[in-house]
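Inspection log for the structure reproduced underneath, given as structure tokens.
Coordinate-derived values only; no laboratory data. Not measured: the values here are computed from a predicted model. Note that each Cβ is placed from the backbone with ideal geometry, even for glycine, and that neighbours are counted across all protein chains shown.
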Amino acid sequence: MKQFKNFRIYDSLEEYYVHQAQGALYKEYGACRPTFESSLKTLFQYLPNKRSKILDVGCRDGWACEQMIKQGYKNVIGIDVSLPAIQWAQKQKRPVIFGDMHDLEFPDDSFDAIYCSHSLEHAYDPIKALKELVRVLKIGGILFVIVPVKNYLGIYHAFEFYEPDLLKKMIDENFDFETLQYKYFPLTHMGHSEDEVWFIGRLKSKRFKR
Ligand SMILES: C[S@@+](CC[C@H](N)C(=O)[O-])C[C@H]1O[C@@H](n2cnc3c(N)ncnc32)[C@H](O)[C@@H]1O
């Protein structure tokens, strides 16, 4: 593995999975960030239909999936590359499966909404991962991405969004979304290790711009 200022290059996919699983320990994390619960509330505002199909990308302990189900959403699934985390979550009867966001095992147009919280920075290729998310999202569907913003490479991050507008630039330059919200949350002054940004967009077309 080679480490640069804002990304890592892994020698193999296996090395990548092992590294990522180390960062996703198998225990209950619950709402581990100041904005976690408000991000879910915001997602629900865009999803009036409780039959909406929702994918949670990088779901770790499956806590967010459980909150969605508690709110009455009936079609929720989480994916994660950490087998121990998935097995732990499955024991709690949370609807999660093993899956890599770069190569999803879902047909095109499977989901009404994708929630990807603090996970895209773990992608070895964020644009490839976003392409997969767009492939499985329906036209008109909601993509909600939250990434931390740091000036150094986080210990388990594969890519760092080190400028607050980088996520939006990446999405706008490559994909066709109507931006519904783009927000910056300064959290470090509250003792948190990183600030974060939220992108919420509605998919207009599957056109890949580059
Ligand atoms: C920081 S945790 C975020 C967990 C949760 N979504 C949250 O908001 O707290 C990042 C998660 O992404 C998972 N992950 C890393 N690479 C992934 C990939 N390629 N596909 C799916 N999940 C991945 C990790 O195993 C870990 O559980």
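Under 14 Å from the Cβ of His189, count the other residues' Cβ atoms, weight Lys and Arg +1, Asp and Glu -1, and hand me the total.
On the way: positive: none; negative: Glu194, Asp195, Glu196.
Once positives and negatives cancel, what remains is -3.
Can I get the semi-axes of segment 149-210's equivalent ellipsoid? Compute them from the C-alpha gyration tensor as square roots of 5 times the eigenvalues, in angstrom, largest first. Could the numbers behind the result be given before it?
Values: eigenvalues 129, 40, 12 Å².
Computed over segment 149-210, the values are 25, 14, 8 Å.
Out of the DSSP beta bridges found with both residues in segment 22-120, what percent are antiparallel (nearest 5)? Intermediate results must be reported in sequence, preceding the final value.
Details: 1 of 12 bridges.
Roughly 10 percent of the DSSP beta bridges within segment 22-120 come out antiparallel.
In Å and whole numbers, how far do the C-alpha atoms of segment 84-179 stretch along each principal axis, longest first?
Projected onto its principal axes, the Cα set of segment 84-179 covers 38, 35, 18 Å.
What is the Cα coordinate range of segment 53-97 on the first, second and third principal axes, sorted by size from largest, in whole angstrom?
Largest to smallest, the principal-axis extents are 27, 18, 11 Å.
I need to check one value: relative contact order of the chain, counting alpha carbon pairs closer than 8 Å and at least 6 residues apart, in percent.
Working: 430 pairs, mean separation 39.0, N = 210.
Once divided by the residue count of the chain, the mean separation gives 19 percent.
Within 9 Å, Cβ to Cβ, of Val149, how many net charges do the neighbouring residues add up to if Lys/Arg are +1 and Asp/Glu are -1?
Values: positive: Lys150; negative: Glu160, Glu163, Glu194, Asp195, Glu196.
My count for the surroundings of Val149 gives -4.
Compute a Gaussian network model of the chain, connecting alpha carbons closer than 10 Å, and tell me which residue from Asp108, Asp56, Asp80 fluctuates the most.
Highest fluctuation among the options: Asp108.
At Glu14 and Lys50, where each label point lies 7 Å from the Cα along Cα→Cβ, what is the point-to-point distance in nanometres?
4.7
For n ≥ 4 DSSP H runs only, could you compute -39500 (n - 2.57) per run for the chain, divide by its residues and tell me the 222 nm figure to the nearest 500?
Values: 6 runs with 58 residues, N = 210.
Computed mean residue ellipticity for the chain: -8000 deg cm²/dmol.
Over the chain, with a single point scatterer placed on each C-alpha, what log10 of the ratio I(q)/I(0) does the Debye formula yield at q = 0.10, 0.11, 0.18 1/Å?
Ignoring solvent entirely, the Cα scatterers give -0.39, -0.47, -1.45.
Using only the Cα atoms of segment 4-76, build the gyration tensor, take square roots of its eigenvalues as a ≥ b ≥ c, and label the shape rounded, prolate or oblate: rounded if a/c is under 1.5, else prolate if a/b is larger than b/c, else oblate. Working shown, then result.
Working: a/c = 2.23, a/b = 2.16, b/c = 1.04.
In terms of gyration-tensor shape, prolate.
Mind putting a number on the dipole of segment 86-146 about its Cα centre? Charges go on the C-beta only, +1 for Lys and Arg and -1 for Asp and Glu, and I need it in Debye to the nearest 20.
Working: 7 positive and 9 negative charges, 61 e Å.
Magnitude of the dipole: close to 300 debye.
List the relative contact order of segment 62-130 as a percent without decimals, with contacts defined as Cα pairs under 8 Å and 6+ residues apart.
Result for segment 62-130 is 27 percent.
Going toward the positive end of the dipole of the chain, with +1 on Lys and Arg Cβ and -1 on Asp and Glu Cβ, which of Ile139, Ile9, Gln92 do you reach last?
Ile139
Over segment 128-182, what lengths in whole Å, largest first, do the semi-axes of the equivalent ellipsoid take, defined as the square roots of 5 times the eigenvalues of the alpha-carbon gyration tensor? Display every interim value, and only then the final one.
Values: eigenvalues 100, 34, 18 Å².
Equivalent ellipsoid semi-axes, largest first: 22, 13, 9 Å.
May I ask you to list the residues of segment 4-23 whose amide nitrogen lies under 20 Å from a point 7 Å from Cα along the Cα→beta-carbon direction of Tyr156?
4, 6-23
Can you pick out the pairs among Lys41/Lys183; Lys41/Lys168; Lys27/Lys93; Lys70/Lys93; Lys50/Lys206; Lys128/Lys169 whose Cα atoms lie more than 19 Å from each other? Spell out each step's value before the answer.
On the way: Lys41/Lys183 15 Å; Lys41/Lys168 21 Å; Lys27/Lys93 14 Å; Lys70/Lys93 13 Å; Lys50/Lys206 25 Å; Lys128/Lys169 15 Å.
From the list (Lys41/Lys183; Lys41/Lys168; Lys27/Lys93; Lys70/Lys93; Lys50/Lys206; Lys128/Lys169), the Cα-Cα distance tops 19 Å for Lys41/Lys168; Lys50/Lys206.
Just add up the charged neighbours of Phe177: K/R +1, D/E -1, any other residue whose Cβ is under 12 Å from the Cβ of Phe177. Write down the numbers at each step before the final one.
Values: positive: Lys168, Arg202, Lys204, Lys206, Arg207, Lys209; negative: Asp172, Glu173, Asp176, Glu178.
Around Phe177, the charge tally is +2.
Sorting Cys32, Cys59, Cys116 on the 10 Å Cβ count, fewest up front, what's the list? Mind showing how you got there, number by number?
Details: Cys32 11, Cys59 30, Cys116 22.
Result, fewest neighbours first: Cys32, Cys116, Cys59.
Just how far, in whole angstrom, is segment 88-126 from segment 3-30 if you go by their alpha carbon centroids?
Going from one Cα centre to the other spans 15 Å.
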